[in-house]
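Rule-based calculations on the coordinates, nothing more; no lab input. In this text the structure is predicted, and so the values were computed from the model without any measurement. Please note: Cβ atoms are built from the backbone with ideal geometry, for glycine as well, and neighbour counts cover all protein chains shown.
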Amino acid sequence: MPAQLDPDLLRTFIAIVDAGGFTQAAKQIHRTQSAVSMQVRRLEETLNRVLFQRDGRGIQLAPDGEALLSYARRLLKLHDEALAALTRPDLSGLVRIGTPDDYVDRFLPEILARFARAFPRVQVEVICETSANLRPMLTEARIDLAVITASCTLSGDSGEVLRREPVVWATA
């Protein structure tokens, strides 16, 4: 029987590369460092290739690891799309999202593209307004979801912090 690439092993491999090491990847994927090492060993045995070069305390991708990385990313992306397409609820309708202009170009294109692939029958309407204008629109149910900028979370607000940015003071 030909070798098969286990998606779980590929996820671990990518997590190690993205996190820069086994220990950091273990935290990211909620496994022990030894479980991550065992998964890499299984992947290397499956492929009969060395994927990482250990140099002292750090790791580097071996040439075969470099070759696998882009395939692993593409395989997992296609794997996840297929699962989403075949296991998703058959949703349809309209979702109205409000966001300030500065988030539209930076964050939404990739998110909306993935959403459209996963839920092709859902129409998404994006409303660009300031955060101050989006809050009442959300309260009045004129939009379903809002990504807003806030200097702090106010008591009584419902929502989830997506990103925190450090305050920077600049002067001439």
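Sketch the reach of a paramagnetic label on Gln33 as a point 7 Å from Cα along Cα-to-Cβ, and name the residues of segment 1-22 whose backbone nitrogen lies under 20 Å away. From segment 1-22, the list is 12-22. A DSSP coil position with no more than 10 other Cβ atoms inside 10 Å describes the following trypsin sites (Lys or Arg not before Pro) in segment 38-121: Arg57, Arg121. In plain terms, the chain is cut at each of the GluC sites (Glu not before Pro) found in a DSSP loop with at most 14 other Cβ atoms within 10 Å, and the longest leftover piece is 1-139. Measuring nothing but how far apart in sequence close Cα pairs (under 8 Å, 6+ apart) lie, relative to its length, the chain scores a relative contact order of 16 percent. Once the Cα atoms are used to define both axes, helix 101-118 deviates from the longest principal axis of the chain by about 60 degrees. In this label model, Thr149 and Tyr71 are separated by 4.5 nm, measuring between points 7 Å along each Cα→Cβ vector. For segment 27-38, backbone phi angles converted through the Karplus equation (6.51, -1.76, 1.60; θ = phi - 60°) give residue-by-residue couplings of 5, 5, 9, 6, 9, 7, 4, 5, 5, 5, 4, 5 Hz, Gly and Pro being listed as x. Helix 7-19 and the longest principal axis of the C-alpha atoms of the chain enclose an angle of approximately 80°.
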